[in-house]
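Heads up, the thing below is written out as C-alpha cells.
The values are calculated or read from the model by the stated rules, or taken from the named source; none is laboratory data. Just so we're clear, the structure is a prediction, and the values are computed from it rather than from any experiment. As a convention, Cβ positions derive from the backbone with ideal geometry for all residues, glycine included, and neighbour counts pool all protein chains shown.
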C-alpha cells in the first residue's frame, strides 16, 4: 500500500512537534479487530506498513497520525465501512433530526439572499444533513462525497443532486455545509482552500469539526482506538486529525476565510446557535472567503 508521512504540523506548518502516542501490542490487536468489525477487513495488514503513532504540534496543539494511507486506500476503507453497514437501518432519533434541521435553519437564515437557495453538502456521507437542509427551506441541495458507496445510501429526491466528483460542479452555491469533514482528509488547509472556486462573495460556509479537549496525552489516548462501541476521536484511519480550538482557527485563517456575523433576525429565531457563535463556544463557524 501507499503511505504518506506527515511530520510537520499540517495546520500551522510548525516543525515543533512531539510524538504523544506509540501503540502497544494491545492497541495493535484492537486495531486489527476494528478492521474486521467496522470495515469488512479493508485495513487488514495496514499495521505492517503504518506505525499508528500520533504527533502533536507544540504551537497550535493540533494532533494527527504520523503515517497515513494514500487517498485510494482511504476510499477503499470507507467502501468497506459502507458494505458492513449496508444492511443496517440508519434512522436518526427525533432529537438528532431536530438538531440537524435547526442547524440548517440557522445557516439558511444567515445567508443574505432570500430566493430559494442552493446548498452544497460537502462530505455528505450517508446524507443525514441533506434532508435537514431541505426541511429547513433550501430549494436545492447538492451532495458530494468521494465514496460512491456511502453516497448511494443518501436520500433520493428531485431536489437532490449527488456526485462523487467535484468536477461535476461548475457553479457557485449560496451555502456550503462541511459537517465534520476536515478531520478525515489528508490536507485540511488545501482541501478547504479548494472550495473557493465554488463560492461567491455572499456564500456562507458552515464548518464543523470534533475538538480535542485537554492536553494530557494519557487521558487523550487512553481509549485508543475504541472502547466498547465508542470509537476514539483519532480512530484510525477514519479520523486523521484532531483539532484544538487554536488549530481550527488557524485552518480557517490559512484558507482565507473570515467570520460571518448573523443578523438580529437570525439571532431571535435561533438564539442557541447565535449564542454559541458569539461566545466562541461552538465547534462550528460560519465563514465566507475574503477574496472569492
TODO: Answer yes if at least one residue in segment 230-242 is exposed (fewer than 15 other Cβ atoms within 10 Å of the Cβ) and either closer than 30 Å to residue 118 by Cβ or without any contact (Cβ under 8 Å) to a residue 24 or more places away in the chain (or both), and no otherwise.
DONE: yes
Open item on the list: Out of everything in segment 37-52 that is within 23 Å of the chain's Cα centre (by Cα) and not in a helix (DSSP H, G or I), what residue ends up being surrounded by the most Cβ atoms within 10 Å (Cβ to Cβ)?
Closed with: 43
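Somewhere in segment 191-200, is a residue closer than 16 Å to residue 122 by Cβ, in a loop (DSSP other than H, G, I, E, B) and either in contact with a helix residue (DSSP H, G or I) (Cβ under 8 Å, 6 or more places away or on another chain) or not assigned by TED's automatic domain parsing to the domain that holds residue 252 (or both)? First the steps, then the outcome.
Going residue by residue through segment 191-200, those that are closer than 16 Å to residue 122 by Cβ are 191-200.
Retained after the next criterion (residues that are in a loop (DSSP other than H, G, I, E, B)): none.
No; the residues of segment 191-200 include none that is closer than 16 Å to residue 122 by Cβ, in a loop (DSSP other than H, G, I, E, B) and either in contact with a helix residue (DSSP H, G or I) (Cβ under 8 Å, 6 or more places away or on another chain) or not assigned by TED's automatic domain parsing to the domain that holds residue 252 (or both).
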Open item on the list: I'm checking my understanding of the structure. Among residues of segment 58-74 that are in a helix (DSSP H, G or I) and over 16 Å from the mean Cα position of the chain (by Cα), which one is surrounded by the fewest Cβ atoms within 10 Å (Cβ to Cβ)?
Closed with: 72
Open item on the list: Out of 287, 277, 204, I need the residue that is part of a helix (DSSP H, G or I) and either more than 24 Å from residue 78 (Cα to Cα) or modelled with pLDDT under 85 (or both). Which one?
Closed with: 277
- [ ] Only one of these is crowded, with 16+ Cβ neighbours inside 10 Å, in contact (Cβ under 8 Å) with a residue 12 or more places away in the chain and either under 12 Å from the mean Cα position of the chain (by Cα) or at positive phi (or both): 212, 189, 204, 185. Name it.
- [x] 185
Task: Complete set of residues in segment 215-240 that are over 23 Å from residue 18 (Cβ atoms), under 20 Å from the mean Cα position of the chain (by Cα) and assigned to a loop (DSSP other than H, G, I, E, B) - done: 238
Open item on the list: Of the conditions (1) surrounded by 14 or more Cβ atoms within 10 Å (Cβ to Cβ); (2) out of contact with any strand residue (DSSP E or B) (no Cβ under 8 Å at 6 or more places or on another chain); (3) in a loop (DSSP other than H, G, I, E, B), residue 115 satisfies every one except a single condition; which number is it?
Closed with: (1)
TODO: Scan segment 238-262 for residues that are within 13 Å of residue 289 (Cα to Cα) and touching a helix residue (DSSP H, G or I) at 6+ places or on another chain (Cβ under 7 Å) and jot them down.
DONE: 251, 254, 255, 256, 260
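Being farther than 30 Å from residue 152 by Cα, touching a residue at least 40 places away in the same chain (Cβ under 8 Å) and in a helix (DSSP H, G or I): is that true of residue 27 here? Lay out the reasoning, then the answer.
On the way: farther than 30 Å from residue 152 by Cα: yes; touching a residue at least 40 places away in the same chain (Cβ under 8 Å): yes; in a helix (DSSP H, G or I): yes.
Spelling it out, residue 27 is indeed farther than 30 Å from residue 152 by Cα, touching a residue at least 40 places away in the same chain (Cβ under 8 Å) and in a helix (DSSP H, G or I).
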Task: Hits in segment 156-178 (condition: farther than 19 Å from residue 197 by Cα and either out of contact with any strand residue (DSSP E or B) (no Cβ under 9 Å at 6 or more places or on another chain) or crowded, with 20+ Cβ neighbours inside 10 Å (or both)) - done: 158
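Has segment 98-116 got any residue that is farther than 21 Å from residue 173 by Cβ, without any contact (Cβ under 8 Å) to a residue 60 or more places away in the chain and not assigned by TED's automatic domain parsing to the domain that holds residue 21? Even if it seems obvious, please write down each step before you answer.
First, pick out the residues of segment 98-116 that are farther than 21 Å from residue 173 by Cβ: 98-99.
Checking the rest, the ones that are also without any contact (Cβ under 8 Å) to a residue 60 or more places away in the chain come to 98-99.
Keeping just the survivors that are not assigned by TED's automatic domain parsing to the domain that holds residue 21 gives 98-99.
Yes - at least one qualifying residue is present in segment 98-116.
Mind checking whether some residue in segment 6-18 is part of a helix (DSSP H, G or I) and loosely packed, with under 12 Cβ neighbours inside 10 Å? Steps first, answer last, please.
First, the residues of segment 6-18 that are part of a helix (DSSP H, G or I): none.
No, because not a single residue in segment 6-18 is part of a helix (DSSP H, G or I) and loosely packed, with under 12 Cβ neighbours inside 10 Å.
If you check 120, 92, 55, 34, which single one turns out to be touching a residue at least 12 places away in the same chain (Cβ under 8 Å) and in a loop (DSSP other than H, G, I, E, B)? Spell out how you get there, then give the answer.
Values: 120 fails: in a loop (DSSP other than H, G, I, E, B); 55 fails: in a loop (DSSP other than H, G, I, E, B); 34 fails: in a loop (DSSP other than H, G, I, E, B).
Criteria check complete, one pass: 92.
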